[in-house]
1. Mind giving me the nanometre distance, one decimal, between the label points for R28 and V145, set 7 Å out from Cα along Cα→Cβ?
2. Pull up all non-local amide H partners of V187: gap of 5 or more, or a different chain, and H-to-H distance under 5 Å with H placed in the peptide plane.
3. Does the stretch 113-159 classify as rounded, prolate or oblate by the C-alpha gyration tensor (a ≥ b ≥ c root eigenvalues; a/c under 1.5 gives rounded; else a/b over b/c gives prolate, otherwise oblate)?
4. Check which residues have an amide H placed less than 5 Å from S133's amide H, if you skip close sequence neighbours.
5. What net charge do the residues around D77 carry, taking every other residue with its C-beta under 15 Å from that of D77, with Lys and Arg at +1 and Asp and Glu at -1?
6. If you build a Gaussian network model of the chain, linking Cα atoms that sit under 10 Å apart, which residue out of G126, G72, G169 swings the most?
7. Taking H placed 1.01 Å from N in the peptide plane, check which residues at least 5 places from H11 or on another chain put their amide H under 5 Å from its amide H.
8. Add +1 for every Lys or Arg and -1 for every Asp or Glu among the other residues with Cβ under 9 Å from the Cβ of S192, and state the total.
Amino acid sequence: MSEGAALIPRHAFLLTDLEGAAGVTHWRQTRTGGGPEQEAARKLLSGEVNAAIASMREADPTIRVSVWDGHGTGGLDWALLSGADHVYRHDHPGSFPAVFEAATREPDPIDAVFFIGQHAMEGTGGNLAHTYSSTRVREHLLNGVAIGEFGTRALHAWAVNIPTVFFSGDDIACREAQELMPGLVAVEVKRSISVTEAECLTHEAACAAIAAGVARVMNGEVHEEGVTPRFQPDGPFEYREIKRAKWGLVPRPNRRHTGDDLADVLKRI
Ligand SMILES: [Zn+2]
């Protein structure tokens, strides 16, 4: 994966989720009402994000860093965050497109996406795997192919010419990311045993692994060709969300969006 231009960010966009941080392995740490366990989980993710930012700044003291807290009920402890220029909250399902469009606007547009703490898609057996809703969604399909949160957002970014260069999470989630973009830097901070169990690196080791992975990006190891998606559907595009009754909850109706503009279709999810 060495063809094409090296992608060295000048303004990084960090997309964070709570379920893929080392030490976060059970739903009770991630859901509303998690109490002290969720607070502890937020500290772990915040440490991983700080390690990524510190590594970026070590390589390039003038880099710009924007962070989007992508976990539905808040995955970051904002008081602990260090080194970011901007931080965005996730307040409702439409937050990502709104935040992402703001971040891509002139005069200071982002030029690379980093996923930190991301989980695998529903049905893969990954630790805390789900697709958007951990209780109501069976799968999301883009032109008939199942894609998870990573795929949806990385393809959305690619559709507006922003490459995804870095990913951290469990081994199953890393594999999912590298299947779509083999040349991104993927850092395994835990190995999935089951949906609610994983063999984790210590927090210290996870932070060190993330810092080392980010340094590889900053050294120019990621190239355009390596992060061009292996799955590029042709238009017109159709995105379907298939619900299911999980844990006895009554599913809401399935949703479907179609159109000729990929970013426009993906942003309606
Ligand atoms: Zn989450």
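1. 4.0
2. F167, S168, G169
3. oblate
4. Excluding prolines and chain starts, which carry no amide H, there are no hits.
5. So the surrounding residues net to -2.
6. Residue with maximal mean-square fluctuation among G126, G72, G169: G72.
7. Amide H to amide H, under 5 Å and 5 or more residues apart or across chains, H11 pairs with R64, D111, A112.
8. -2
Readers should treat all values here as calculations from the given coordinates under stated rules, not as data from a laboratory. No experiment lies behind these values; they were computed from the predicted model shown. We place every Cβ from the backbone using ideal geometry, glycine too, and count neighbours over all the protein chains shown.
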